Amino acid sequence: MSASLTLLDRAMILAQHELDALRAGDVETAESHFDERAALMDQAWETMDEQNPDDYRVKLIALQGYNQMIQEEGRELLEKIRLQLMDTRSNMRRARGYARATLMQ
């Protein structure tokens, strides 16, 4: 197996770790995995040979699938955070209203 195919295999492993981190809500770890994965893919591109185009195609399609799952998970996490912020704002308004009502008594 060529060095660039090995790099793509490592990038797929990192993509899975990135996805797992996003699912756990650990954005910092996911970002770290993304940065490392992007560097590996750049290295793979630089060292790519043209002997096994089908092997590259298979691995790149698998990485594309991971990218789609990571994007979907990121969107879901963003929506979850947005809803939590809205809930927090609502709770703060409620608490301020309660505090005002208590002071008026």
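Quick notes
- Only one of I70, I61 that is open to solvent by less than 70 Å² (accessible area, probe 1.4 Å) and β-branched (V, I, T): I70
- Wholly within the range 2-105, helices (runs of 4 or more DSSP H) carrying at least 2 residues that are in contact with a Lys or Arg (Cβ under 6 Å, 6 or more places away or on another chain) and touching a residue at least 12 places away in the same chain (Cβ under 8 Å): 3-23
The values are calculated or read from the model by the stated rules, or taken from the named source; none is laboratory data. Quick caveat: nothing in here was measured; it's all calculated off a predicted structure. Here Cβ is always computed from backbone atoms with ideal geometry, including for glycine, and neighbour counts include all displayed protein chains. Accessible surface areas use protein heavy atoms only, side chains included; no ligands, DNA or RNA. Shrake-Rupley method; radii C 1.70, N 1.55, O 1.52, S 1.80 Å.
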